[in-house]
Ligand SMILES: Nc1ncnc2c1ncn2[C@@H]1O[C@H](COP(=O)(O)OP(=O)(O)OP(=O)(O)O)[C@@H](O)[C@H]1O
Ligand SMILES: [Mg+2]
């Protein structure tokens, strides 16, 4: 498919579904001859869980890295919380990033720090004059929320894969971000743990009214968490709809995700 | 592509082969290009350090921690090296001086060589090997595992937190380590003198202090700040800009040592020239 399946998404959605927190128009990104993102248009509304599907290597991780400015765009417009990303520099960018949580595909835990220090790190940087008692209680609460209470003083290297994912999640959630970006939150986990993570994502959405972009290959996770799904193919948004819409799609290519 | 069944890793290898062919054809220009690109990006990195070092937030906790790790943890290695250098230098120099009937000059000669040249340079090289490679490997592995990216998205300036603190620590700690190595080296020399003679501590050190001049000590200490700065900066540069992948970590550690050692010698040559100019 070479044309974009959701033209003019911005205008159409603005009024009907409430506040737009992330808006992308004609996003393009290439690495040399590798044209990863060719024309991406999408919006995320306040309080919405948007699931992004796509084969490995289609540029899903690149897409959300653009949102936090880890990767610079080649072309296109990216507006986040009503701020134009391309115009943001220095402290403004840092301020915006504080409102965005990013769960890395690899976890990206600070492996020279203990579990506790991993969680304290973002807190200390952003709320510099936090009293020790408050800090401790925030850390304990965050760990409790992801079910890691007992592991507070060990090193990340000693955690299992699922525990690392949950720690990464706790570290991102501890600052109560307005926008959450999950890069494959359930990959490599057993079905039960994935289910727990999916519920956690839903809980976060409910409690903090967070808007999220969830990248996943796990259809069960997509079914549980998605308000809306976008499928990326060949660098464009090839299909969009609710889980049921896509599950009943006639397109064999879309069907292949659901098998 | 002619072969559609090529999977991705095969395709990458195919590409890599084409690239290496192209590179070997144009090797002469590309090596020069690469050299200048590297110099340019290192210069930008250095400028960024000077821009960020004065800009808040000041990461004082991390600075203290790094200074401790970099300075304190190097004490045993630097101490042992210093002692051995002092000892060996003394033992080796004795016969030559004895030939000229100048054996009584032994403490003074060894002290001047240790303090002016051998202490600073050897300590800096050891420091490059231990600390420079450590910084290179640590930052590179943080880069590979996206920890630097994670810091960035959590609203921290990773350059300030990781690079500035480490470069300041090496700049401040190496001079202290050199002084420490000098002192232990002189003690080693004292032991060496006493292996085949009998000199009191008082006599030994009063001889040294009589022969030492301000021009011996001061420039030697000043240049160690530059050595420390170079080791820290090169280590951070190699780590921070490493390639993604495990092999990037090893390469970063390796180049950190190689280039930091090279920088130490270059700075040393420049420092000697400047000292000579100023003294004439
Ligand atoms: N920093 C980079 N430099 C060069 N190429 C990159 C970079 N990051 C990603 N790419 C390329 O962009 C493409 C998309 O990568 P990306 O990581 O976004 O895939 P993905 O959709 O997240 O896949 P997966 O589901 O396996 O995580 C890949 O071909 C990759 O080689
Ligand atoms: Mg990915």
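Laboratory data are not the source of any read-out in this text; all were calculated from the coordinates shown. Every value quoted in this text rests on a predicted model; they were computed, and no experiment measured them. Virtual Cβ from ideal backbone geometry, glycine too; neighbours counted across all protein chains shown.
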Subject >> Extended-chain gain in nm, criterion 0.36 nm per residue less alpha-carbon gap, residue A:136 and residue A:259 >> reply: 39.7 nm
**OP:** Report, in degrees rounded to the nearest 10, the 0 to 90 angle that the Cα long axis of helix B:246-279 makes with the longest principal axis of chain B.
**Re:** 40
**OP:** Mind giving me the FRET efficiency for residue B:277 and residue B:31? R0 is 30 Å, r the Cβ-Cβ distance, nearest 0.05 is fine.
**Re:** 0.30
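Let me know the shape class of region B:207-280, please: from the alpha-carbon gyration tensor, a ≥ b ≥ c as square roots of the eigenvalues, rounded when a/c is under 1.5, otherwise prolate if a/b is greater than b/c, or oblate.
Verdict is prolate for region B:207-280.
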**OP:** Taking chain B as the reference, fit the longest principal axis to its C-alpha atoms, fit the long axis of helix B:214-240 to the helix C-alpha atoms, and give the angle between the two in degrees, 0 to 90, nearest 10.
**Re:** 20
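To one decimal place, what orientation-averaged projected area in nm² is obtained for the convex hull of the Cα set of region B:106-246?
Details: hull surface 40.1 nm².
Average projection, Cα convex hull of region B:106-246: 10.0 nm².
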Subject >> Simple label model, 7 Å out from Cα along Cβ direction - residue B:72 to residue B:54, nm >> reply: 3.2
Subject >> Modelled label reach - residue A:126, point 7 Å along Cα→Cβ, region A:169-194 residues with backbone N closer than 12 Å >> reply: A:171-181
**OP:** Within 10 Å, count the other beta carbons around each residue, average over each peptide in B:30-39, B:81-90, and list them highest first.
**Re:** B:81-90, B:30-39
Original post:
Per 20 Å bin, what percent of the C-alpha pairs of the protein assembly as shown does each bin hold, from zero upward?
Top reply: 18, 42, 27, 11, 2, 0
Original post:
Hey, what angle do you get for helix A:191-208 against the long axis of chain A, alpha-carbon based, 0 to 90 degrees rounded to 10?
Top reply: 90
Subject >> Translational diffusion coefficient (Stokes-Einstein; Kirkwood radius from C-alpha pairs) of chain B at 20 °C, 1.002 mPa s, in µm²/s >> reply: 100
Subject >> Difference of contour (0.36 nm per residue) and Cα-Cα distance, residue A:199 to residue A:233 >> reply: 9.5 nm
**OP:** Give me the distance in nm between label points sitting 7 Å out from Cα along the Cα-to-Cβ direction at residue A:248 and residue A:82, one decimal.
**Re:** 3.8
Subject >> Rounded FRET efficiency, nearest 0.05, which uses the C-beta distance separating residue B:65 from residue A:158 and R0 of 30 Å >> reply: 0.90
Subject >> Net length gained if the chain between residue B:47 and residue B:195 were fully extended (0.36 nm per residue, minus Cα distance) >> reply: 48.2 nm
